[in-house]
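Read through the structure below, which is laid out as structure tokens, and then see the notes.
Each value in this text was obtained by applying a stated rule to the coordinates, not by laboratory testing. Predicted, not measured: the structure shown is a model, and the values here were computed from it. Positions of Cβ are generated from backbone atoms using ideal geometry, with glycine treated the same way; all protein chains shown enter the neighbour counts.
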Amino acid sequence: MINYNLFIDNIFEKWSPDKQTILEKTQKILDYYMRTPEVYENSCLANQDYESVAFDFLFCDSSKTHEINREYRGKDYPADIITFAVFADSEDEEKFVLDMEINLGEIIIGLDRVIDEAGKKEIDKETELLFLISHGIMHLLGFDHQTEKDFQFVVTHQKKALESIGIIYDKI
């Protein structure tokens, strides 16, 4: 049994998603990814010796994601989501497991963008937030979508992960 140590910091004042609900659903999404061979066996966690996985969320606004995007990624635009996949993006000799825990990194989400996208898609904002969370986790696990094939792999498993928590997401 793998333990998850997940942390949420919300600096967005206009919406405060229920942290407990988000953490519980995030754990279920993670459970889906961990028990799905084509995801787990191709993730950065495969062949690692660990007992727990950790990562952080920062919920903020798009001005903050713009600032982070510009400063750390050299991209001058606001983003709905930014991931810093610390473990997955490290060279093998730089990866470390501290006290049997792997810190995957951080997922930063602009909640104002979540609210806007949910309105455009005519879905509730929690569903859009969980869609982005499922996407961010795929990045933390080492998946990218530079090719159409990779994009389809990520999206297919995002949808299945959401289905595992009772959400049918067909707004892509």
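If you take the residues of the stretch 148-167 that are among the polar types (S, T, N, Q) and in contact with a Phe, Trp or Tyr (Cβ under 9 Å, 6 or more places away or on another chain), which of them is nearest to Gln20 (Cα to Cα)? Talk me through it step by step, then tell me what you get.
Step one: of the stretch 148-167, the residues among the polar types (S, T, N, Q) are 152, 156, 158, 164.
When the remaining residues are screened for being in contact with a Phe, Trp or Tyr (Cβ under 9 Å, 6 or more places away or on another chain), the result is 158, 164.
Numbers: Gln158: 21, Ser164: 18 Å.
Looking at the filtered set, the residue picked out is Ser164.
With respect to the stated conditions, Asp80 is closer than 21 Å to Val154 by Cβ and either in contact (Cβ under 8 Å) with a residue 12 or more places away in the chain or out of contact with any strand residue (DSSP E or B) (no Cβ under 6 Å at 6 or more places or on another chain) (or both).
Is it the case, given these coordinates, that Ser90 is in contact with a Pro (Cβ under 9 Å, 6 or more places away or on another chain) and without any contact (Cβ under 8 Å) to a residue 40 or more places away in the chain?
Numbers: in contact with a Pro (Cβ under 9 Å, 6 or more places away or on another chain): no; without any contact (Cβ under 8 Å) to a residue 40 or more places away in the chain: yes.
No; evaluated as a whole, the condition is false for this residue.
Filtering the stretch 104-126 for residues that are out of contact with any helix residue (DSSP H, G or I) (no Cβ under 9 Å at 6 or more places or on another chain), in contact (Cβ under 8 Å) with a residue 24 or more places away in the chain and closer than 17 Å to Asn42 by Cβ leaves an empty set. Scanning the stretch 130-153 turns up at least one residue that is touching a residue at least 12 places away in the same chain (Cβ under 8 Å), in contact with a Cys (Cβ under 8 Å, 6 or more places away or on another chain), assigned to a loop (DSSP other than H, G, I, E, B) and on the phi < 0 side of the Ramachandran plot.
Selection over the stretch 156-172 of residues that are in a loop (DSSP other than H, G, I, E, B), among the hydrophobic types (A, V, I, L, M, F, W, C) and closer than 11 Å to Ser134 by Cβ gives a count of 2. Scan the stretch 123-131 and give yes if some residue there is closer than 17 Å to Leu23 by Cα, buried (at least 16 other Cβ atoms within 10 Å of the Cβ) and aromatic (Phe, Trp, Tyr), otherwise no. Within the stretch 123-131, one or more residues are closer than 17 Å to Leu23 by Cα, buried (at least 16 other Cβ atoms within 10 Å of the Cβ) and aromatic (Phe, Trp, Tyr). Only one of the listed residues (Asp9, Asp31) is farther than 20 Å from Asp144 by Cα and acidic (Asp, Glu). That residue is Asp9.
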